[in-house]
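Data block below; observations after.
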Amino acid sequence: MTQLTHPTSSPSRPHPAGPDATQHAIVIRQLTKHFRRRDGSTVPAIDGADLHIESGEFVVLLGPSGCGKTTLLRSVAGLETPDSGSIAVGGVTVFDGEAGIDVGPERRELSMVFQSYALWPHMTAAQNVRYPLENQRGPRQSRSQMNERVTEALTAVGIGDLGGQYPNQLSGGQQQRVALARALVNNSTVVLFDEPLSNVDAKVRETLRVELLAMQRRLGFTALFVTHDQAEAMELATRIAVLDRGQVQQFGTPDEIYARPATEYVAKFIGNTNELPGTRVAGGYETPVGLVRTPEDAGEQATVLFRPEHARLSTEQPATASALPGRVVAVLFMGTHTEFLVRSGETRMRIWVSGRSTDFAEGDEIWVGLQEQDVMVFASHPGQSARPEDDAR
Ligand SMILES: Nc1ncnc2c1ncn2[C@@H]1O[C@H](COP(=O)(O)OP(=O)(O)OP(=O)(O)O)[C@@H](O)[C@H]1O
Ligand SMILES: [Mg+2]
């Protein structure tokens, strides 16, 4: 393989047509992994996960702390042995619980980029990139062959002139490139990332994200990237797998996950929501703040959700499908939008208007208008886990 110079997969088509198995970079089927806690209880860290990842995709595993992201990634890498199910990488089965297949991590055609990149501080960029070649299984390449590969990898990520620098002499973006070059020097077509940007401040993180995405598109490798940051997931992913307690709740494009969340958990984890308890009546759901019209039926008792950016505020009762009365109790300017905190009885709702809005002030009696397509309803599940690190925005 000559991945660096001739990408085997085209970055311009992240979703190759058809279910052709050879197009799949990673196939995970019915994977489970339990851990035993010290008190003797068992935790299902992965609970029947299925993921079919196509070549050239940038897939993000997203979910709160403890939902199994790292365990799933480490299982693909071969650093963790699942209990059952199977994993194939590049069409080769690397794990199969039933068939007793468990290929060692060094023999799987993939690389991993760790948190903070884990570059060796006492080695130059070039030495860091050469490291996997020197520690490769099988016949060792000659020194000049290795140097050639290292130069090729550093050039591919755009830092061909920085091979002699030590990590502490490089910017965050340059260090990220060294880590990528090291991951790609073995011609890996699949690169796994475990929260590589988590120790960087927000501004730098944004820059690194853009850069990582540009390089992934250009070089064409398949990325499986773990994060608990939904904004990061939305920006990077061709598809996001939302995990909850070891289960894949939804696997879809950022658009699908935002606009058509499969479960209440996903709706609350991606983006922001207002939540109302509803009882089914003709035409929709009766809530503490009034009738919310929707053609959807999620059973007798349901949770009615709508996003703060989808509602409209008005002084006169609007002609929208639903019109909920309330009073503005706070106005917060958030930079990109203005948040109006609206109260109706015991219910509080957050409504966002883009930019700085002075249309309504604290104390104003207003209406919250909703279109049918803005409303999501899910059957009530008492005890369903809500969004854990509730958005403080
Ligand atoms: N070696 C282990 N022994 C026992 N339990 C473990 C072990 N590793 C992970 N777990 C448990 O498995 C579950 C999943 O852990 P995992 O590290 O995969 O979560 P994560 O989604 O990566 O979380 P974070 O965002 O905090 O990194 C957790 O409940 C964790 O406590
Ligand atoms: Mg983790």
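Observations on the structure shown:
- For the chain: relative contact order, % (alpha-carbon pairs under 8 angstrom, 6 or more apart): 15 percent
- With Cα atoms, 0 to 90° folded angle of helix 172-184 axis to the chain main axis: 60 degrees
- Across all directions, the shadow cast by the convex hull of the stretch 42-192 built on its C-alpha atoms averages 10.6 square nanometres.
- Prolate/oblate/rounded call for the stretch 283-331, Cα gyration tensor, a/c under 1.5 rounded: prolate
- Assigned charges on the beta-carbon of Lys, Arg, Asp, Glu; the chain dipole about Cα centre (debye): 1240 debye
- Bridging of K268 to lysines at a Cα separation below 20 Å is possible for K69, once same-chain residues fewer than 8 apart are set aside.
- Compared with the dominant Cα axis of the chain, that is its longest principal axis, helix 143-156 is turned about 20°.
- Derived scalar couplings between HN and Hα for the stretch 250-256 equal 7, 10, x, 5, x, 4, 4 Hz in order, rounded to whole Hz, by the Karplus curve 6.51 cos²θ - 1.76 cosθ + 1.60 (θ = phi - 60°), x for Gly and Pro.
- Close amide H partners of F225, meaning residues 5 or more places away or on another chain with modelled amide H under 5 Å apart, are V59, V60, L61, F193.
- Projected area, mean over directions - the stretch 272-379, Cα convex hull, nm²: 6.2 nm²
- Acute angle (nearest 10 degrees) that the helix 202-219 long axis makes with the longest principal axis of the chain, alpha-carbon atoms: 60 degrees
- Positive-end extreme of charge dipole, the stretch 211-329 - chosen from Q301, N274, L236 (charges on Cβ): L236
- Label-to-label distance, nm, for residues given as E106 and A118 (7 Å Cα→Cβ offset): 1.5 nm
- One chain, two ends: D359 and R218. Fully extended at 0.36 nm per residue, the span grows by 46.2 nm beyond their Cα-Cα distance.
- For peptides 155-162, 27-34, sequence by mean Cβ density within 10 Å, most packed first: 27-34, 155-162
- When restricted to Cα atoms, the chain yields an Rg and a Dmax of 24.5, 79 Å, respectively.
We did not get these values from a lab; they are worked out from the coordinates using the rules stated. Note that this is a predicted model, so its numbers are computed, not measured. Counting neighbours? That spans all protein chains shown, and the Cβs are built from the backbone with ideal geometry, glycine included.
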